[in-house]
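Shown next, in structure tokens, is the structure this report addresses.
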Amino acid sequence: MINFKDQIKLFTINNEKKIADAIEKLNENKMKTVFVINSKNKKYIGSITDGDIRRGIIKNYSKNSSVMKIVNKRSIFFLKKPSNKILEISFVQNFIQCIPLLNKNRIIREIIISEDYRF
């Protein structure tokens with residue numbers, strides 16, 4: 001697994017931003033996933049993927065709508081570092097490329113990226 005501790009800002013967007021900001025962030029980080037955090041306490045709220053944006057468009061949300069309209073609040077995360085086997089299973093079964101590792105206060109401390117992902 002590839003761990004990103006120093007680049008968490010590249011993968012996060014605060015909950016007060018617009019869908020257009022999420023699209024821009026998705027283009028910046030190339031992972032097709034951004035993690036939404038609370039702007040006040042930095043706690044993890046959920047994730048947004050390209051698919052979430054497409055579903056938002058179908059629901060007639062505009063690029064000026066809040067990211068909170070499309071955030072997946074039931075996204076996958078870990079509170080403690082899992083084994084590589086569990087990580088691989090999580091990546092494959094859920095068709096995802098990155099998973100946040102949160103501390104006990106639900107603040108992202110690391111982004112774990114599948115080794116199968118090609119930058």
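The values are calculated or read from the model by the stated rules, or taken from the named source; none is laboratory data. Bear in mind that the values here come from a model prediction, so they are computed numbers and not experimental data. Here the Cβ is made from the backbone with ideal geometry for all residues, glycine too, and neighbour counts use every protein chain on show. Note: accessible area is taken over every heavy atom of the protein model, side chains too, but ligands, DNA and RNA are not part of it. Shrake-Rupley method; radii C 1.70, N 1.55, O 1.52, S 1.80 Å.
Can you tell me the convex hull volume per residue for the chain, based on C-alpha atoms, in Å³ to the nearest whole number?
Cα convex hull per residue, to the nearest whole number: 95 Å³.
Using a 1.4 angstrom probe, figure out how much accessible area the chain has per residue, in square angstrom, rounded to the nearest whole.
Here the residues of the chain average 62 Å² of exposed surface.
Starting from the 7 Å offset along Cα-to-Cβ, what nm value, one decimal, do you get for the label separation of Ile107 and Lys80?
Reported label-point gap for Ile107 and Lys80 is 2.1 nm.
Give me the percent of accessible area attributable to carbon and sulfur for the chain, probe 1.4 angstrom.
Carbon and sulfur: 50 percent of the exposed surface of the chain.
So how strong a dipole does the chain carry about its Cα centre when Lys and Arg Cβ are +1 and Asp and Glu Cβ are -1, to the nearest 20 debye?
Magnitude of the dipole: close to 500 debye.
For the chain, what relative contact order do you get, as a whole percent, if you take Cα pairs closer than 8 Å and at least 6 residues apart?
Computed value for the chain: 29 percent relative contact order.
Which aspartates and glutamates, on any chain, are close to Lys9 with Cα under 14 Å apart, when same-chain ones fewer than 8 places away are left out?
Partners within reach: Asp21, Glu24, Glu28, Glu110.
Could you check the simple spin-label distance between Lys32 and Asn15, using points 7 Å along Cα→Cβ, in nm with one decimal?
2.7 nm
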